[in-house]
1. Please find, within region 128-147, the residue that is surrounded by the fewest Cβ atoms within 10 Å (Cβ to Cβ) out of those that are of a type outside the set (Lys, Arg) and touching a Pro at 6+ places or on another chain (Cβ under 7 Å).
2. For region 29-61, which residues satisfy the criterion of being more than 14 Å from Pro122 (Cα to Cα), open to solvent by 30 Å² or more (accessible area, probe 1.4 Å) and of a type in the set (A, V, I, L, M)?
3. For region 1-21, name all the residues that are farther than 18 Å from Ser127 by Cβ and open to solvent by 20 Å² or more (accessible area, probe 1.4 Å).
4. Has region 62-73 got any residue that is at pLDDT 85 or above and open to solvent by 60 Å² or more (accessible area, probe 1.4 Å)?
5. Are any residues in region 110-127 in a helix (DSSP H, G or I) and either without any contact (Cβ under 8 Å) to a residue 12 or more places away in the chain or open to solvent by 70 Å² or more (accessible area, probe 1.4 Å) (or both), and if so, which ones?
6. If we scan region 76-93, do we find a residue that is at pLDDT 95 or above, over 18 Å from Val33 (Cα atoms) and acidic (Asp, Glu)?
7. Applying the selection to region 8-47, what residues are without any contact (Cβ under 8 Å) to a residue 12 or more places away in the chain and within 16 Å of Pro99 (Cβ to Cβ)?
8. Suppose we keep only residues that are free of Cβ contacts under 8 Å to residues at least 24 places away in the same chain and touching a helix residue (DSSP H, G or I) at 6+ places or on another chain (Cβ under 7 Å) within region 76-109. Which one would you say is nearest to Ser19 (Cα to Cα)?
Amino acid sequence: RGTATPGERVFFDPEQAHSCHVCHSFKGRGARVGPDLTAKLKGKSPREIFQKIVIVPHRSADPAYISVALSMRDGSRIVGIKAEETGTELRFYDTSVLPPKVLTLAKADIVSTRRLNASAMPSDYASRLPLQQLLDLVAFLKSAVEGTPTSVGFDDVIDTRSSIRN
């Protein structure tokens, strides 16, 4: 069973480049590359949270955080997420590295911008983190959003009753 305290450590682990907090914030803590998960997960079941962060995180990308490819005047290409924009500059999160690098680019150096209609969210958390840490993470997110302690088991996130039979 997953519990919230170790799940909070997984979310905010400073030693892990793929830790959730390098892109997301939760209750005001963390980065702003991706959406704040506090409101995004409100009312979601443990199974829905697990699916959003582990099974198909790229499927429900918020349009504000869609990846774009920038072609630069020097011939380079940068993939990431737009942040703030002024008349002459663009702040951009380069998501090709973790943690993402914040770049300030002169708009005059950008030749073209192309939406990739994809999320920068990695789609392989199931292979990056052991099941116990994934259950802990879901328990932390569910507990913190709902304000009540939550323990999450395998049956809460995976429907073991529906299996394919020969």
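1. Ser143
2. If the condition is that a residue be more than 14 Å from Pro122 (Cα to Cα), open to solvent by 30 Å² or more (accessible area, probe 1.4 Å) and of a type in the set (A, V, I, L, M), then Ala39 is the only one that fits.
3. Scanning region 1-21 gives Arg1, Thr3, Ala4, Thr5, Pro6, Glu8, Arg9, Phe12, Pro14, Glu15, His21.
4. Scanning region 62-73, I find at least one residue that is at pLDDT 85 or above and open to solvent by 60 Å² or more (accessible area, probe 1.4 Å), so the answer is yes.
5. Passing the criteria: only Ser127.
6. no
7. Matches in region 8-47: Asp13, Pro14, Glu15, Gln16, Ser19, His21.
8. Leu90
The values are calculated or read from the model by the stated rules, or taken from the named source; none is laboratory data. The model shown is predicted, which means the values in this text are computed figures rather than measured ones. Positions of Cβ are backbone-derived with ideal geometry, glycine not excepted, and every protein chain shown enters the neighbour counts. These accessible areas exclude ligands, DNA and RNA; they are computed on the full protein's heavy atoms, side chains included. Shrake-Rupley method; radii C 1.70, N 1.55, O 1.52, S 1.80 Å.
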